[in-house]
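Student: Here it is: the structure, laid out below.
The values are calculated or read from the model by the stated rules, or taken from the named source; none is laboratory data. None of these values were measured; they are calculated from a predicted model. Positions of Cβ are generated from backbone atoms using ideal geometry, with glycine treated the same way; all protein chains shown enter the neighbour counts. Accessible surface is based on the protein model in full, side chains and every heavy atom, while ligands, DNA and RNA are left aside. Shrake-Rupley method; radii C 1.70, N 1.55, O 1.52, S 1.80 Å.
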Amino acid sequence: GALWLTAKMAKALWPDANPETLQLRSGLAPLMLLSGVYWSVFSTMTMFDMMLAFSTLVSLLGVVGSWRAYVAGQGKKFWLNVVLIGVGLGIGGLSKGPAILLHVLPVYALAPLWGTRLTGIRTISWTKWYASIPLAILIGVGIALGWAIPAAIVGGPEYRDAIFIG
């Protein structure tokens, strides 16, 4: 899934490239990821790192998509991408807790700085953009708590303390 999302990210970052170049970039991006030592080692293990990479890519695709929609004035598409960011944060929260925020929030919060280079469009008001960040986090927290609260109830006090405190 993460390899497929990496190809989608290449297409999202350079949508204006000519078709041959776009096809080459989206084809080579997963191969570059797959040939990396870190990816090769951790993809063979049953650990949370691959799920965290997947959820980070989901969120970052949402960030790129929401920025493009934001500067284009496409309100509905913007908010759908904010929901996608929240879903990625939720999946990441389930896999490794709040560590997903370290991977996504800096990119999300600094989008007004790097986004102008991505789209070539400078936005005047960042209010709606920064108002979307708490919403995405709340969606992610809601997804994570949707599992954690019932698990804590069923698991008893020791398990509850382990997942919420430990």
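Student: From the list V71, V154, V58, which residue is of a type in the set (V, I, T), part of a helix (DSSP H, G or I) and open to solvent by less than 20 Å² (accessible area, probe 1.4 Å)? Break it down stepwise before answering.
Tutor: Working: V71 fails: open to solvent by less than 20 Å² (accessible area, probe 1.4 Å); V154 fails: open to solvent by less than 20 Å² (accessible area, probe 1.4 Å).
The conditions single out V58.
Student: Right, here's the next one. So how many residues does the range 83-120 have that are farther than 20 Å from W14 by Cβ and not in a helix (DSSP H, G or I)?
Tutor: Residues flagged as farther than 20 Å from W14 by Cβ and not in a helix (DSSP H, G or I) within the range 83-120 amount to 2.
Student: Can you tell me how many residues in the range 1-37 are assigned to a helix (DSSP H, G or I), over 27 Å from I91 (Cα atoms) and open to solvent by less than 80 Å² (accessible area, probe 1.4 Å)?
Tutor: 2
Student: Looking at the range 111-136, I want the residues that are at negative phi and have a partner that is outside any helix (DSSP H, G or I) and among the basic types (K, R) with Cβ atoms under 6 Å, at least 6 apart or on another chain. Which pairs are those?
Tutor: Filtered contacts from the range 111-136: T116/R122.
Student: With respect to the numbered conditions (1) under 22 Å from P98 (Cα atoms); (2) open to solvent by 30 Å² or more (accessible area, probe 1.4 Å); (3) modelled with pLDDT of 85 or more, which one is the sole condition not fulfilled by F42?
Tutor: Evaluating F42 over (1) under 22 Å from P98 (Cα atoms); (2) open to solvent by 30 Å² or more (accessible area, probe 1.4 Å); (3) modelled with pLDDT of 85 or more leaves (3) as the failure.
Student: Out of the range 38-55, which residues are in a helix (DSSP H, G or I) and among the aliphatic types (A, V, I, L, M)?
Tutor: Filtering the range 38-55 down to residues in a helix (DSSP H, G or I) leaves 38-42, 49-55.
V41, M50, M51, L52, A53 - these are the residues of the range 38-55 that are in a helix (DSSP H, G or I) and among the aliphatic types (A, V, I, L, M).
Student: Could you tell me which numbered condition I100 fails, if it satisfies all but one of (1) open to solvent by 70 Å² or more (accessible area, probe 1.4 Å); (2) under 29 Å from A69 (Cβ atoms); (3) β-branched (V, I, T)?
Tutor: (1)
Student: Just for the range 121-151: of the residues that are in contact with a helix residue (DSSP H, G or I) (Cβ under 9 Å, 6 or more places away or on another chain) and not in a helix (DSSP H, G or I), which one is modelled with the highest pLDDT?
Tutor: W126
Student: Check whether at least one residue in the range 108-115 is modelled with pLDDT of 85 or more, aromatic (F, W, Y) and open to solvent by less than 20 Å² (accessible area, probe 1.4 Å), and report yes or no.
Tutor: Yes, that holds for at least one residue.
Student: If you go through the range 80-89 one residue at a time, do you hit one that is at pLDDT below 90 and surrounded by 13 or more Cβ atoms within 10 Å (Cβ to Cβ)?
Tutor: Going through the range 80-89, the residues at pLDDT below 90 turn out to be none.
Taking every residue of the range 80-89 in turn, none turns out to be at pLDDT below 90 and surrounded by 13 or more Cβ atoms within 10 Å (Cβ to Cβ).
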